[in-house]
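Input: a single structure, listed below in structure tokens.
The values are calculated or read from the model by the stated rules, or taken from the named source; none is laboratory data. None of these values were measured; they are calculated from a predicted model. Cβ placement follows ideal geometry from the backbone for every residue including glycine, while neighbour counts extend to all protein chains displayed. Ligands, DNA and RNA are excluded from the accessible area calculation, which covers all protein heavy atoms including side chains. Shrake-Rupley method; radii C 1.70, N 1.55, O 1.52, S 1.80 Å.
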Amino acid sequence: MPSQSEAAASDSLCIYGDSHVASVKLAWDQGLIDAQGRKVGFWGAAGPSFRGLRWKQGRIVADAGAQADLDLVRGDGPETLGAKDFGAYLFYGARLRLSEFLLELSAASYLSQAALEAATWEFMMSTRTYRFARNFAKAGAPVWFVPTSLPTQGVFPPKEEAAKVGIDLAPQEVERAFAMLRKLAAKDRVTMVIQPPETLTDEFLTRREFAVENADAARDVVHKSPEFAALMVAQVLDQMKNAKAA
């Protein structure tokens with residue numbers, strides 16, 4: 001974990017998130033992530049404590065009840081988080097749930113472009129952490145956002161899977177929705193990085209090979225493996241490298 005002075009360097013990266021950051025930290029500890037020379041720090045909290053991270057006077061701060069969980073994640077990183085503390089930011093998971101977005105669209109009939117834009121904007125702005133990311137980008141920080149991945153295939157029996165997490169959208173409608181997410185985020189100077197097609201089944205579930213350990217026993221369709229986290233973070237780091245070279 002970089003010190004506070006190191007964190008402010010232009011080549012530093014803060015990975016911010018909820019319980020999904022655990023898979024990133026595991027990937028980091030297992031040597032699955034090539035940081036490409038960047039100093040990497042973590043910030044956030046798991047479970048209910050994540051709701052205790054709030055915006056106050058231009059910084060993200062923790063409620064008293066969230067402080068202990070934050071400390072486990074941040075190590076010796078900054079106690080509160082501002083847009084100038086790191087050179088770049090990756091918001092990972094962080095309650096921007098693709099499954100909820102697509103399920104809402106599944107429940108609607110075909111949406112015009114204007115209606116899709118309105119629905120997408122409402123989805124994004126209803127998520128507190130997206131508003132944090134937007135604020136950081138407004139302050140001039142380079143910001144990337146990896147939304148919470150789609151549910152994992154094969155954890156639930158087929159009928160239960162279809163009932164609970166089935167996405168009733170044609171492939172072109174899913175891509176249209178993802179394109180709108182990227183477009184609106186780009187207007188806020190936030191780069192949205194959505195899981196690539198090779199991680200998905202034809203039913204828009206995350207492929208079984210990326211399941212978190214003990215997914216079946218825990219009935220956990222939400223969390224993913226360190227390998228999945230490494231794949232997503234690598235995409236972001238490559239984009240950062242290309243942006244710097246441009």
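Annotation: Ser149 fulfils all but one of (1) open to solvent by 60 Å² or more (accessible area, probe 1.4 Å); (2) touching a Leu at 6+ places or on another chain (Cβ under 8 Å); (3) not basic (Lys, Arg); the unmet one is (1).
Looking for whichever is open to solvent by less than 40 Å² (accessible area, probe 1.4 Å) and either in contact with a His (Cβ under 8 Å, 6 or more places away or on another chain) or part of a helix (DSSP H, G or I) (or both) here; the options are Val155, Val174. Which one fits? Explain how you work it out, then say what you get.
Working: Val155 fails: either in contact with a His (Cβ under 8 Å, 6 or more places away or on another chain) or part of a helix (DSSP H, G or I) (or both).
Result of the check over Val155, Val174: Val174.
With respect to Gly17, is the statement that it is touching a residue at least 60 places away in the same chain (Cβ under 8 Å), closer than 22 Å to Pro147 by Cα and in contact with a strand residue (DSSP E or B) (Cβ under 9 Å, 6 or more places away or on another chain) true? Taking the combined requirement at face value, the residue satisfies it.
Kindly establish whether Phe123 is out of contact with any strand residue (DSSP E or B) (no Cβ under 7 Å at 6 or more places or on another chain), farther than 26 Å from Leu53 by Cα and either assigned to a helix (DSSP H, G or I) or β-branched (Val, Ile, Thr) (or both).
Working: out of contact with any strand residue (DSSP E or B) (no Cβ under 7 Å at 6 or more places or on another chain): yes; farther than 26 Å from Leu53 by Cα: no; either assigned to a helix (DSSP H, G or I) or β-branched (Val, Ile, Thr) (or both): yes.
Judged against the criteria, Phe123 is not a match.
What residue, of Asp11, Asp76, Asp85, Asp29, is surrounded by fewer than 22 Cβ atoms within 10 Å (Cβ to Cβ) and modelled with pLDDT of 95 or more?
On the way: Asp11 fails: modelled with pLDDT of 95 or more; Asp76 fails: modelled with pLDDT of 95 or more; Asp29 fails: modelled with pLDDT of 95 or more.
Going through Asp11, Asp76, Asp85, Asp29 in turn, just one is surrounded by fewer than 22 Cβ atoms within 10 Å (Cβ to Cβ) and modelled with pLDDT of 95 or more: Asp85.
Scanning the stretch 187-246 for residues that are farther than 23 Å from Val155 by Cβ, assigned to a helix (DSSP H, G or I) and open to solvent by less than 10 Å² (accessible area, probe 1.4 Å) gives Val233, Val236, Leu237, Met240.
Of all residues in the stretch 126-140, those satisfying the criterion of being touching a Gly at 6+ places or on another chain (Cβ under 9 Å) and surrounded by 20 or more Cβ atoms within 10 Å (Cβ to Cβ) are Thr129, Phe136.
Set side by side, the residues Arg182, Arg134 differ, and just one is out of contact with any Ser or Thr (no Cβ under 9 Å at 6 or more places or on another chain), at pLDDT 95 or above, of a type in the set (Lys, Arg) and not in a loop (DSSP other than H, G, I, E, B), which is Arg134.
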